[in-house]
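Colleague: Before we start, here is the structure in question, set down as structure tokens.
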Amino acid sequence: MSQEIKDTNEAKKKKDELILFLTKTEERESLLSKANRKLLSDPLDDNNPITVQVLGICSALAITVQLKPAIVMSVAVVFVMAMGNVVISLLRNLVPNRIRIIVQLVVVASLVIVVDQVLKAYLYDVSKQLSIFIGLIITNCIIMGRLEAFALGNGPWKSFLDGIGNAAGYGLILIIVAFFRELLGSGKLFGFEVLGHKGLTLEESTGLYALGYENNGFFLLSPMALIVVGVVIWYQRSRNRKLIEEN
Amino acid sequence: MDLLNLFVKSIFIENMIFAYFLGMCSYLAVSKTVKTAVGLGAAVIFVLLITVPVNYLIDTYLLQAGALSWLGADYASIDLSFLSYIMFIAVIASMVQLVEMVVEKFSPALYGSLGIFLPLIAVNCSILGGALFMQQKAFTGISEAITYGAGSGIGWFLAILAIAAIREKIAYSNVPAPLKGLGITFIITGLMAIGFMSFMGIKLEGNEDEKVQEAALESNNMGEEDEQTAVITAIEN
């Protein structure tokens, strides 16, 4: 009899601990305190995942030929990262250290499958353009990197903010690169001809093309993505000199 | 001959780094010295060589539409391809773990040199990318999958070896301060990618039907279509 009471007591205690563990990190801080706002704003510049932490470059370069896929990709990454960070942060004390990488990969892979199926259902043409790069969100280093570096050591709300912030910093670079590549490469933004229409002859053309402007087809090729990112880094570091590397 | 064609193509023309930017994170992080670059490159070849064929078998006999028909006629209508991401990544993560344990047991010297890189590889995009390209290309036999795995691994190895050698030398140059480190590495990689683009025209002898199929497949791809037209215009000029 006493054993039973003891068992229920222990169960109750465990439950209380679990509740405490889920809520304690947020007890003292307001939801958008200064520290939490920093989690959102830091990755946009000082701690940008692409240009400073060097994470998630693989997908960033390949899908930036046009703005639309770049934006879809950023939204997909925001979703996967925010949700993945929350889930891992909730699981962080339950998962043994040795198998944590597999657990993280499985969580992220399930989220990516959701994104992939939604894109296939509602945005089929974009999903075709992104081809394997949606699948590669799973091994996008930003996601694993932030899960390892942040979500494993912080509460769910903070991890959520960190996820949103880092994914936004990633998306920002993606959109900047895609903007220049689409504008200079094909003279379009979101598929609209913003620099005027290029006809077969000079007389048929309008806008800038009537003056003899030509698209730089080089910007559509993959090497230019690397060089554009290089220039973005150059600009960012000459503005923010504390980021300059030794070597 | 087709296998040789595929092999050359996967090393040079469809180079994981220069054509698809896969595995860039570790490419940039571990390319400071040639020695570590060689270690990571060897580990990538090794793991791609194992995981691409394994994933090919899983894809052909478990995941594709109708792949389960060997179990009986009732199973022929099942299509599990939506599970491919999770299956591939599980295979890769567990293979990496397994390879690590086997290497540690049987070849401590190799483990000493590859050791710390093996866990990194589970999250190297080029490994999952290899599996996903393998699925997209719809290979007809396991020998093609093995060739493709080896070829893309060697391509990755070449790329990281080259950049590491350049980075060792560039330490002595006067690079503008804000470009130091990451910035200049990006730009050099871009220039190297331009060099690798010159391999694009190479076509070894092969089946004519396949070439037509490939052309159709490529024109489905937005980026590549644009690239091809851009290259054609560049050549014309």
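Colleague: crowded, with 20+ Cβ neighbours inside 10 Å, basic (Lys, Arg) and touching a residue at least 24 places away in the same chain (Cβ under 8 Å): is that true of A:ARG146 in this structure? If you could, list the steps in order and put the result at the bottom.
Modeller: Working: crowded, with 20+ Cβ neighbours inside 10 Å: yes; basic (Lys, Arg): yes; touching a residue at least 24 places away in the same chain (Cβ under 8 Å): yes.
Yes.
Colleague: While we're looking at this one, here's another question. Please find, among B:LEU110, B:LEU62, B:LEU49, B:LEU118, the residue that is surrounded by 12 or more Cβ atoms within 10 Å (Cβ to Cβ) and more than 25 Å from B:LEU161 (Cα to Cα).
Modeller: Numbers: B:LEU110 fails: more than 25 Å from B:LEU161 (Cα to Cα); B:LEU49 fails: more than 25 Å from B:LEU161 (Cα to Cα); B:LEU118 fails: more than 25 Å from B:LEU161 (Cα to Cα).
Answer to the check: B:LEU62.
Colleague: Here is a follow-up. Against the definition (more than 9 Å from every other protein chain (Cβ to nearest Cβ) and either touching a His at 6+ places or on another chain (Cβ under 9 Å) or more than 21 Å from B:MET24 (Cα to Cα) (or both)), how does A:ASN93 come out, yes or no? Walk me through it before giving the result.
Modeller: Working: more than 9 Å from every other protein chain (Cβ to nearest Cβ): yes; either touching a His at 6+ places or on another chain (Cβ under 9 Å) or more than 21 Å from B:MET24 (Cα to Cα) (or both): yes.
Criteria met by A:ASN93.
Colleague: I would also like to ask the following. Kindly list, by first and then second residue, each pair from a residue in the range B:172-186 that is facing chain A (nearest Cβ under 7 Å) to a residue that is open to solvent by less than 60 Å² (accessible area, probe 1.4 Å) and polar (S, T, N, Q), limited to pairs with Cβ atoms under 6 Å and residues at least 6 apart or on different chains.
Modeller: B:PRO178/A:SER238
Colleague: Looking at A:LEU220, A:LEU226, which one is farther than 26 Å from A:VAL52 by Cβ and within 9 Å of chain B (Cβ to nearest Cβ)?
Modeller: Working: A:LEU226 fails: farther than 26 Å from A:VAL52 by Cβ.
Sole residue among the options that is farther than 26 Å from A:VAL52 by Cβ and within 9 Å of chain B (Cβ to nearest Cβ): A:LEU220.
Colleague: Just a yes or no: is a residue in the range B:96-104 away from chain A (no Cβ under 13 Å) and either among the polar types (S, T, N, Q) or touching a His at 6+ places or on another chain (Cβ under 8 Å) (or both)?
Modeller: We begin by selecting, within the range B:96-104, every residue away from chain A (no Cβ under 13 Å); these are B:99, B:102-104.
Checking which are either among the polar types (S, T, N, Q) or touching a His at 6+ places or on another chain (Cβ under 8 Å) (or both) leaves us with none.
Among the residues of the range B:96-104, not one is away from chain A (no Cβ under 13 Å) and either among the polar types (S, T, N, Q) or touching a His at 6+ places or on another chain (Cβ under 8 Å) (or both), which makes the answer no.
Colleague: Now for a separate question. Is one or more of the residues making up the range A:215-225 in contact with a helix residue (DSSP H, G or I) (Cβ under 7 Å, 6 or more places away or on another chain) and within 18 Å of A:GLY56 (Cβ to Cβ)? Quick ask: steps written out before the conclusion?
Modeller: If we filter the range A:215-225 for residues that are in contact with a helix residue (DSSP H, G or I) (Cβ under 7 Å, 6 or more places away or on another chain), which is where we start, we get A:215-225.
Remaining after also requiring within 18 Å of A:GLY56 (Cβ to Cβ): A:222, A:225.
Yes, because at least one residue in the range A:215-225 is in contact with a helix residue (DSSP H, G or I) (Cβ under 7 Å, 6 or more places away or on another chain) and within 18 Å of A:GLY56 (Cβ to Cβ).
Colleague: In addition: From B:PHE88, B:PHE133, B:PHE139, grab the single residue that is under 26 Å from A:LEU136 (Cβ atoms) and not in a helix (DSSP H, G or I). Outline the logic, then answer.
Modeller: Numbers: B:PHE88 fails: not in a helix (DSSP H, G or I); B:PHE133 fails: not in a helix (DSSP H, G or I).
Every option except B:PHE139 fails the conditions.
Colleague: Name the pairs whose Cβ atoms lie under 9 Å apart, with the first residue in the range A:87-115 and assigned to a loop (DSSP other than H, G, I, E, B), the second surrounded by 16 or more Cβ atoms within 10 Å (Cβ to Cβ) and not small (Gly, Ala, Ser), and 6 or more positions between them or separate chains?
Modeller: A:ARG92/A:ARG100; A:ARG92/A:LEU152; A:ARG92/A:ASN154; A:VAL95/A:ILE88; A:VAL95/A:VAL103; A:VAL95/A:GLN104; A:VAL95/A:LEU152; A:PRO96/A:VAL103
Colleague: Please find, among A:VAL126, A:VAL118, A:VAL112, the residue that is within 9 Å of chain B (Cβ to nearest Cβ) and modelled with pLDDT of 80 or more.
Modeller: Numbers: A:VAL126 fails: within 9 Å of chain B (Cβ to nearest Cβ); A:VAL118 fails: within 9 Å of chain B (Cβ to nearest Cβ).
Within the list A:VAL126, A:VAL118, A:VAL112, the selection yields A:VAL112.
Colleague: Right, A:GLU214: within 12 Å of chain B (Cβ to nearest Cβ), of a type in the set (Asp, Glu) and free of Cβ contacts under 8 Å to residues at least 24 places away in the same chain or not?
Modeller: On the way: within 12 Å of chain B (Cβ to nearest Cβ): yes; of a type in the set (Asp, Glu): yes; free of Cβ contacts under 8 Å to residues at least 24 places away in the same chain: yes.
When the stated conditions are applied, A:GLU214 passes them.
This table checks each residue for (1) more than 27 Å from B:THR185 (Cβ to Cβ); (2) among the aliphatic types (A, V, I, L, M); (3) at pLDDT 75 or above.
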residue	(1), (2), (3)
A:LEU32	yes, yes, no
A:ASP45	no, no, no
A:PRO49	no, no, yes
A:MET73	no, yes, yes
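Colleague: When you go through (1) modelled with pLDDT of 85 or more; (2) open to solvent by less than 60 Å² (accessible area, probe 1.4 Å); (3) closer than 22 Å to B:PHE21 by Cβ; (4) more than 7 Å from chain A (Cβ to nearest Cβ) one by one for B:GLU218, which number turns out not to apply?
Modeller: Failing condition for B:GLU218: (1).
Colleague: Among the numbered criteria (1) crowded, with 18+ Cβ neighbours inside 10 Å; (2) touching a strand residue (DSSP E or B) at 6+ places or on another chain (Cβ under 7 Å), which one does A:VAL194 miss?
Modeller: Tallying (1) crowded, with 18+ Cβ neighbours inside 10 Å; (2) touching a strand residue (DSSP E or B) at 6+ places or on another chain (Cβ under 7 Å), A:VAL194 fails exactly one: (1).
Colleague: Right, something else. What about A:SER205, is it more than 14 Å from chain B (Cβ to nearest Cβ), among the hydroxyl-bearing types (Ser, Thr, Tyr) and free of Cβ contacts under 8 Å to residues at least 12 places away in the same chain? Before the answer, list the steps.
Modeller: Working: more than 14 Å from chain B (Cβ to nearest Cβ): yes; among the hydroxyl-bearing types (Ser, Thr, Tyr): yes; free of Cβ contacts under 8 Å to residues at least 12 places away in the same chain: yes.
In short, yes.
Colleague: Can you tell me which residue in the range A:61-89 is farthest from A:SER186 (Cα to Cα), limited to those that are open to solvent by 10 Å² or more (accessible area, probe 1.4 Å) and at the interface with chain B (Cβ under 8 Å from one of its Cβ atoms)?
Modeller: A:ALA62
Colleague: Oh, and also: Among the aliphatic types (A, V, I, L, M), more than 18 Å from A:SER74 (Cβ to Cβ) and at pLDDT below 75 - does that describe any residue in the range A:141-151?
Modeller: For the range A:141-151, residues among the aliphatic types (A, V, I, L, M), more than 18 Å from A:SER74 (Cβ to Cβ) and at pLDDT below 75: absent.
Colleague: For the range A:154-172, give me each residue that is buried (at least 24 other Cβ atoms within 10 Å of the Cβ), within 12 Å of the chain's Cα centre (by Cα) and more than 19 Å from A:LEU67 (Cα to Cα).
Modeller: If the condition is that a residue be buried (at least 24 other Cβ atoms within 10 Å of the Cβ), within 12 Å of the chain's Cα centre (by Cα) and more than 19 Å from A:LEU67 (Cα to Cα), then A:ASP162, A:GLY163, A:GLY165, A:ASN166 are the ones that fit.
Colleague: Looking only at residues in the range B:147-184 that are hydroxyl-bearing (Ser, Thr, Tyr) and more than 16 Å from B:LEU22 (Cβ to Cβ), which one is least open to solvent (accessible area, probe 1.4 Å)?
Modeller: From the range B:147-184, those hydroxyl-bearing (Ser, Thr, Tyr) are B:147-148, B:152, B:172-173; that's our starting set.
Cutting the leftovers down to more than 16 Å from B:LEU22 (Cβ to Cβ) gives us B:147, B:172-173.
Details: B:THR147: 23, B:TYR172: 194, B:SER173: 59 Å².
Per the stated criteria, the residue is B:THR147.
Colleague: Identify, please: which residue in the range B:29-46 is of a type in the set (A, V, I, L, M, F, W, C) and open to solvent by 10 Å² or more (accessible area, probe 1.4 Å) and is, among those, nearest to A:ILE50 (Cα to Cα)? Steps first, please.
Modeller: Filtering the range B:29-46 for residues of a type in the set (A, V, I, L, M, F, W, C) gives B:29-30, B:34, B:37-38, B:40, B:42-46.
After this cut, where a residue has to be open to solvent by 10 Å² or more (accessible area, probe 1.4 Å) as well, the list is B:29-30, B:34, B:38, B:42, B:45-46.
Working: B:ALA29: 12, B:VAL30: 16, B:VAL34: 24, B:VAL38: 25, B:ALA42: 26, B:ILE45: 26, B:PHE46: 28 Å.
Looking at the filtered set, the residue picked out is B:ALA29.
Colleague: Across the range A:145-183, what is the number of residues that are more than 10 Å from A:PRO49 (Cβ to Cβ) and in contact with a Pro (Cβ under 6 Å, 6 or more places away or on another chain)?
Modeller: Of the residues in that region, 0 qualify.
Colleague: Right, something else. Could you check the range B:50-59 and list, in sequence order, the residues that are closer than 13 Å to B:SER143 by Cβ and more than 14 Å from the chain's Cα centre (by Cα)? Even if it seems obvious, please write down each step before you answer.
Modeller: Here is the first cut: in the range B:50-59, the residues closer than 13 Å to B:SER143 by Cβ are B:52-53, B:56-57.
Answer for the range B:50-59, where residues must be closer than 13 Å to B:SER143 by Cβ and more than 14 Å from the chain's Cα centre (by Cα): B:TYR56, B:LEU57.
The values are calculated or read from the model by the stated rules, or taken from the named source; none is laboratory data. Predicted model only: the values in this text are computed from it and were never measured. Neighbour counts are summed over all protein chains in view; Cβ atoms, including those assigned to glycine, are modelled from backbone coordinates with ideal geometry. Note: accessible area is taken over every heavy atom of the protein model, side chains too, but ligands, DNA and RNA are not part of it. Shrake-Rupley method; radii C 1.70, N 1.55, O 1.52, S 1.80 Å.
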